[in-house]
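The values are calculated or read from the model by the stated rules, or taken from the named source; none is laboratory data. These figures come from a predicted structure and were not determined experimentally. We place every Cβ from the backbone using ideal geometry, glycine too, and count neighbours over all the protein chains shown. Surface accessibility is based on the protein's heavy atoms, side chains included, excluding ligands, DNA and RNA. Shrake-Rupley method; radii C 1.70, N 1.55, O 1.52, S 1.80 Å.
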2 protein chains.
Amino acid sequence: MLLTNAHVISPGLDLPNASVLIEGGKIAEIANHSSGDLDLGGKMLLPGFIDIHSHGADGADTCDASSESLEHIARTKLKEGVTTWLPTTLTQPQERLVEIVQTVADWADSAPLAVPGIHLEGPFINREQAGAQNPEFVRPPDLNELRELHQIFPLLILSLAPEMPGALNLIREASAMGITPSAAHTKADYATVMAASGYGLKHLTHFGNAMTGLHHREIGVVGAGLLEDCLRLELIADGIHLAPEMLELIFARVLRENIMLITDSVSSSWQPDGDSTLGGLDVEIKDGVARLKDNGALAGSTLRYQHGLRLVQEITGEPLSELVATTSWNQARSLGLPDVGRIEPGYRADLVVLSADFEVERTFVRGE
Amino acid sequence: MLLTNAHVISPGLDLPNASVLIEGGKIAEIANHSSGDLDLGGKMLLPGFIDIHSHGADGADTCDASSESLEHIARTKLKEGVTTWLPTTLTQPQERLVEIVQTVADWADSAPLAVPGIHLEGPFINREQAGAQNPEFVRPPDLNELRELHQIFPLLILSLAPEMPGALNLIREASAMGITPSAAHTKADYATVMAASGYGLKHLTHFGNAMTGLHHREIGVVGAGLLEDCLRLELIADGIHLAPEMLELIFARVLRENIMLITDSVSSSWQPDGDSTLGGLDVEIKDGVARLKDNGALAGSTLRYQHGLRLVQEITGEPLSELVATTSWNQARSLGLPDVGRIEPGYRADLVVLSADFEVERTFVRGE
């Protein structure tokens with residue numbers, strides 16, 4: 001298939017009026033043919049988004065442990081331009097997590113987008129920073145449980161609290177298994193998070209949220225994220241989980257290659273305001289913001305992926321050819337996902353067509 | 001006078017084995033004469049330090065309103081390599097401030113170091129962030145009081161809380177009078193401090209301390225300091241007022257030209273541990289750390305200027321030719337002090353000789 005009249009934007013690349021030849025699900029050539037199979041009318045063509053942290057969408061949740069739910073989430077994420085998705089779990093009982101991971105394993109091959117693995121958020125977190133994770137099911141780090149889940153289907157990210165007893169060992173073992181450890185729902189101080197980084201911790205989950213803040217006498221996990229070039233940051237760019245000025249600060253001061261946009265979307269995304277649940281907890285959606293009814297804690301987001309990029313572009317004013325690294329390439333590099341994250345010959349034809357106001361017009365997975 | 005065998009370090013300059021010719025109190029030439037009036041034995045020769053925030057030293061306080069105290073502080077600061085000092089006041093009653101400023105005015109011409117003006121810290125601060133300022137004497141911004149003091153002797157810095165009623169107007173008027181406004185002892189949020197910056201606010205006083213911290217949904221004054229290139233930061237580099245990691249973060253992420261080391265030293269510096277007072281409040285010094293007896297708040301520092309530079313060098317590992325901008329040149333530029341802050345022909349021969357372990361061996365003011 002030959003796409004013509006595309007405004008191709010990829011890390012370090014900005015080509016108006018380009019054509020993209022797709023063969024065998026891969027990008028074969030970028031040129032400037034004037035006629036082909038599909039004229040994109042000058043619209044932006046970006047690498048498909050890689051959402052490494054999303055629980056659900058439009059009424060469905062990964063934790064439903066249902067292939068129908070997974071399929072519905074995947075089709076909804078496609079409408080956000082997401083072409084690679086890590087189904088993200090919540091803190092749930094052990095047998096339930098097994099069931100969820102098994103459901104993903106059975107379904108993944110038939111998924112309409114790439115599902116290279118799972119993001120296990122919890123259950124090995126700090127109950128005192130549970131946020132919208134169900135504290136009832138929080139438990140100490142357990143290598144056997146991790147191994148059991150990983151044997152069913154690859155875990156790609158493990159979000160845990162590095163200060164819990166045994167967490168450092170679990171971080172080391174997870175790293176050895178090819179799982180990327182990420183600090184989440186944590187009260188760790190700066191020294192603890194850096195010790196964990198020595199053991200293999202690489203990411204900070206939904207940076208800023210549910211972690212130790214920056215104080216000028218103890219810079220905490222937030223300070224570590226702002227200071228240390230060995231840590232990559234997940235950002236929920238909805239302007240709510242992080243103030244616009246915080247996004248501005250991060251983009252101004254943190255290495256671009258360490259920034260990864262996520263949605264952290266929950267089942268109430270793509271839904272009208274109203275009541276919902278999350279991991280067994282009651283949630284109210286008001287003005288598109290999901291909060292626990294109990295204590296008002298933010299309960300995931302209703303962000304659609306493309307709108308995160310739009311907000312970041314508005315705030316930073318930077319060229320999209322710089323910013324698109326944060327929507328796919330950085331994630332691909334960090335997780336070792338081959339052949340995705342760029343529009344270049346040899347890369348998979350995972351692409352999103354965006355209108356000038358960042359609405360998704362079309363999403364291609366392997367050229368389809 | 002010809003200094004020989006000096007290791008000359010100035011912003012952007014690192015010359016081992018240099019000679020410095022001083023004529024008429026100014027630097028006349030930097031060369032490599034091998035014999036002269038004084039052989040420095042290869043020791044480091046830096047621009048004299050400019051301490052824009054120091055209340056007192058060795059038992060004496062600017063607020064004593066005594067020329068003997070001022071003289072004693074000045075001679076003690078010379079032992080720290082300080083060649084330009086802004087006597088810094090505390091929140092005191094109006095008539096007392098008049099008396100203090102008058103005392104400085106009467107003494108300044110005979111001072112053994114340069115005293116180009118006063119740093120007025122308070123009284124127009126936020127009582128809820130008084131820290132070690134006496135809350136009893138906090139009062140609303142008052143332009144007449146500011147004018148009266150400024151007519152007696154130039155105020156160079158006004159540390160105030162920009163959220164107080166009338167503060168923005170005072171900031172504008174102070175700027176017009178050539179006074180640099182600085183946010184201090186403040187509960188301002190990010191938006192307020194940036195509005196103040198539009199009115200002329202330029203500095204953040206003892207950055208991190210007694211100001212709104214960074215939160216990921218409201219980045220506060222600390223966030224403004226980390227983000228905004230139009231704000232200069234006073235840093236107390238004692239490792240106590242700011243954690244070493246916070247210093248590392250600031251040096252890694254903030255424009256170098258916006259960093260200014262200060263001591264914020266009080267009368268208990270250069271003194272043994274024990275009891276002291278500050279602005280009428282009882283203070284206890286323990287292990288060199290001064291705290292209010294009442295609530296344990298840090299009550300200024302006992303830092304000696306040269307040790308701040310040493311700590312910053314240890315933490316950042318950066319060349320001194322980069323770091324010395326933060327001990328003199330940035331201050332000189334920000335306050336418009338002519339002819340100081342560099343070792344270059346035409347600049348004043350305000351110099352400090354440092355041993356390899358950053359102890360002050362000699363201080364020159366105008367070559368003396």
Residue in region A:239-250 that is open to solvent by 10 Å² or more (accessible area, probe 1.4 Å) and within 23 Å of B:Thr205 (Cβ to Cβ) present
yes
Could you please tell me which pairs satisfy a Cβ distance under 8 Å, a separation of 6+ or placement on different chains, a first residue in region B:174-200 that is on the phi < 0 side of the Ramachandran plot and touching a residue at least 24 places away in the same chain (Cβ under 8 Å), and a second residue that is open to solvent by less than 10 Å² (accessible area, probe 1.4 Å) and charged (D, E, K, R)?
B:Ser182/B:Glu234; B:Ala184/B:Glu121
Out of (1) within 16 Å of B:Ala60 (Cβ to Cβ); (2) open to solvent by 40 Å² or more (accessible area, probe 1.4 Å), the one B:Asp109 does not meet is (1)
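Okay, residues lined up against (1) open to solvent by 40 Å² or more (accessible area, probe 1.4 Å); (2) of a type in the set (D, E, K, R); (3) over 30 Å from B:Gly12 (Cα atoms):
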{"position": "B:Gly59", "(1), (2), (3)": "yes, no, yes"}
{"position": "B:Leu78", "(1), (2), (3)": "no, no, no"}
{"position": "B:Leu97", "(1), (2), (3)": "no, no, yes"}
{"position": "B:Gln102", "(1), (2), (3)": "yes, no, yes"}
Candidates A:Ile179, A:Ile240, A:Ile157, A:Ile250 - the one that is under 20 Å from the mean Cα position of the chain (by Cα) and at the interface with another protein chain (Cβ under 9 Å from one of its Cβ atoms)
A:Ile240
Out of region B:148-163, which residues are part of a loop (DSSP other than H, G, I, E, B) and open to solvent by 50 Å² or more (accessible area, probe 1.4 Å)?
B:Pro154, B:Glu163
Mind checking which strands (runs of 3 or more DSSP E) fall wholly inside region A:213-284 and carry at least 1 residues that are free of Cβ contacts under 8 Å to residues at least 60 places away in the same chain?
A:232-236, A:274-278
Reported set for region B:318-328 where residues are of a type outside the set (Asp, Glu), surrounded by fewer than 24 Cβ atoms within 10 Å (Cβ to Cβ) and part of a loop (DSSP other than H, G, I, E, B) is B:Pro319
Of residues in region B:205-223 being among the small types (Gly, Ala, Ser) and at the interface with chain A (Cβ under 8 Å from one of its Cβ atoms), the one most open to solvent (accessible area, probe 1.4 Å)
B:Gly213
I need every pair where a residue in region B:32-44 that is on the phi > 0 side of the Ramachandran plot and touching a residue at least 24 places away in the same chain (Cβ under 8 Å) has its Cβ under 8 Å from the Cβ of a residue that is open to solvent by 90 Å² or more (accessible area, probe 1.4 Å) and not hydrophobic (A, V, I, L, M, F, W, C), sequence separation at least 6 or different chains.
B:Gly42/B:Asn17
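For A:Trp270, state whether it is touching a Pro at 6+ places or on another chain (Cβ under 9 Å) and not small (Gly, Ala, Ser). Reasoning before the result, please.
Values: touching a Pro at 6+ places or on another chain (Cβ under 9 Å): no; not small (Gly, Ala, Ser): yes.
No: the conditions fail for A:Trp270.
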Mind listing just one residue for me: the one in region B:21-57 that is open to solvent by 60 Å² or more (accessible area, probe 1.4 Å) and in a strand (DSSP E or B) and, of those, nearest to B:Leu354 (Cα to Cα)?
B:Asp39
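If we scan region A:191-198, do we find a residue that is buried (at least 24 other Cβ atoms within 10 Å of the Cβ) and either facing chain B (nearest Cβ under 10 Å) or in contact with a helix residue (DSSP H, G or I) (Cβ under 8 Å, 6 or more places away or on another chain) (or both)? Don't jump to the end; show me each part of the working.
First, pick out the residues of region A:191-198 that are buried (at least 24 other Cβ atoms within 10 Å of the Cβ): A:193, A:196.
Those left that are additionally either facing chain B (nearest Cβ under 10 Å) or in contact with a helix residue (DSSP H, G or I) (Cβ under 8 Å, 6 or more places away or on another chain) (or both): A:193, A:196.
The answer is yes; a qualifying residue exists.
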Cβ-Cβ under 6 Å, sequence separation 6+ or interchain: first residue in region B:294-323 and farther than 17 Å from B:Ala252 by Cα, partner of a type in the set (Asp, Glu) and at pLDDT below 95. Which pairs?
none
Do we have B:Ile315 as in a helix (DSSP H, G or I), over 18 Å from the mean Cα position of the chain (by Cα) and either β-branched (Val, Ile, Thr) or over 20 Å from B:Val20 (Cα atoms) (or both) here?
yes
Considering (1) over 21 Å from B:Asn17 (Cβ atoms); (2) open to solvent by 40 Å² or more (accessible area, probe 1.4 Å); (3) in contact (Cβ under 8 Å) with a residue 24 or more places away in the chain, say which one B:Glu361 fails and leave the rest.
(1)
For B:Thr302: the one exception among (1) open to solvent by 20 Å² or more (accessible area, probe 1.4 Å); (2) more than 23 Å from B:Thr91 (Cα to Cα):
(2)
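Let me confirm something: among A:Val289, A:Val266, which residue is crowded, with 20+ Cβ neighbours inside 10 Å and of a type in the set (A, V, I, L, M, F, W, C)? Walk me through it before giving the result.
Working: A:Val289 fails: crowded, with 20+ Cβ neighbours inside 10 Å.
So the residue among A:Val289, A:Val266 that is crowded, with 20+ Cβ neighbours inside 10 Å and of a type in the set (A, V, I, L, M, F, W, C) is A:Val266.
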All positions within region B:169-188 that are open to solvent by 50 Å² or more (accessible area, probe 1.4 Å) and within 20 Å of B:Val138 (Cβ to Cβ)
B:Asn169, B:Glu173, B:Lys187
